Ligand SMILES: [Zn+2]
């Protein structure tokens, strides 16, 4: 067995293990209410942000089951479609911020759902992206923790944001 092949096997094994343990976690404990997470990438003059938020934190209930709750879910989608409800970028960066999509995923066999928000922002002066302000905490009073994984160019970092700390410093 060559060294390269052995490494491939080892990596494949660990990735599969990771995927399985994450699945297992999801089944046992769907998600933590009050906590969301986000992934942000700044690359080639463009910012891309993805948010995962529990239905409970957005709607105040696990998942819509009645027509009234469906209406509330639609109203929440409309609110989250406004990028300013989620994220505010420095004006100097001259970004064209747009929400690409807001999806609500719910599982029929559980009383949970999850909102998935994707924001795209090509920026005229990306070097001026010194920080991001998460207006999301004002929009969603139930949100207490946001774990953020972010990548700028080749550097990956993570941060924990909260209603007391809504600004992420990027550089
Ligand atoms: Zn839930």
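Bear in mind that the values in this text are calculations on the coordinates, not laboratory data. Treat the numbers as computed from the prediction; the structure is a model and nothing was measured. Because the Cβ atoms are built from the backbone with ideal geometry, glycine has one as well, and the counts that use them run over all protein chains shown.
Here the Kirkwood formula, the inverse mean of 1/r across different C-alpha pairs, assigns the range 31-169 a hydrodynamic radius of 15.3 Å.
When Rg and Dmax are taken over the Cα atoms of the range 108-171, they come to 14.4, 47 Å.
Each of 95, 123 has some number of other Cβ atoms within 10 Å of its Cβ, and from fewest to most they run 123, 95. Model label points for residue 74 and residue 157, set 7 angstrom from Cα along the Cα-to-Cβ axis, are 4.2 nm apart. If you average the alpha carbon positions of the range 47-86 and of the range 139-171, how far apart do those two centres end up, in angstrom? So the two Cα centres are separated by 19 Å.
Gain in length, residue 171 to residue 39, computed as 0.36 nm per residue apart minus the alpha-carbon separation, to one decimal in nm? It would help to have the intermediate numbers written out before the result.
Numbers: separation 132, 0.36 × 132 = 47.52 nm, distance 1.67 nm.
Contour length minus Cα-Cα distance gives 45.9 nm.
Once the C-beta distance of residue 65 and residue 98 is scaled by a Förster radius of 25 Å, the resulting FRET efficiency is 0.20 to the nearest 0.05.
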